[in-house]
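Below is one structure, written out as C-alpha cells, with a few remarks after it.
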Amino acid sequence: MADDGLTRRDILAAGAATAMGLALGRHAAGARLFSAENPTSTVVLIRREDAVTGGHQVNAKVVAEMIDEAVAVFAGVEDPAEAWARYVKPDDV
C-alpha cells in the first residue's frame, strides 16, 4: 500500500472539525437551538408486572392496554379513544 500522507486519523479529524464548524457556525449565526418557543418534555410512565411473564414472553394485550393508558394520561383525558383521536385522524395514512 502506497503512503500518500493521508491517514484514517486525518480523515476522522477533518470530519470532526467540519461537524464542529457547522454546529458552531449555525449557533454563531443566531440559529436557535430549539424550534419551540418554550421547549418542554412530558414523560408518562406506565408499569404493569403482567406485561412480561416469568419466561420473558410479552403479553401483547397488556402492553396494548398500557399504551392506551399512556396516551390517555399524556392527553389528560380518561378515555383512550378520545386521547387517540387527538393525535390520529381517520384520514391519516
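The values are calculated or read from the model by the stated rules, or taken from the named source; none is laboratory data. Keep in mind it's a predicted model, so treat the numbers as computed, not measured. All Cβ positions, even for glycine, are placed from backbone atoms using ideal geometry, and neighbour counts span all protein chains on display. The accessibility values were calculated without ligands, DNA or RNA, using every heavy atom of the protein model including side chains. Shrake-Rupley method; radii C 1.70, N 1.55, O 1.52, S 1.80 Å.
Before moving on, here are some points about what is shown:
- Scan of the stretch 66-78 for residues that are open to solvent by 70 Å² or more (accessible area, probe 1.4 Å) and over 21 Å from the mean Cα position of the chain (by Cα), ordered by number: Glu78
- Selection count, the stretch 1-22, where residues are surrounded by 10 or more Cβ atoms within 10 Å (Cβ to Cβ) and modelled with pLDDT under 70: 0
- Of all residue pairs spaced 6 or more apart or on separate chains, those with beta-carbon atoms under 8 Å, a first member in the stretch 37-50 that is closer than 15 Å to Ile67 by Cβ and a second member that is in a loop (DSSP other than H, G, I, E, B) are Asp50/Asn59.
- The set of residues in the stretch 54-65 being part of a loop (DSSP other than H, G, I, E, B) and open to solvent by 70 Å² or more (accessible area, probe 1.4 Å) consists of Gly54, His56, Gln57.
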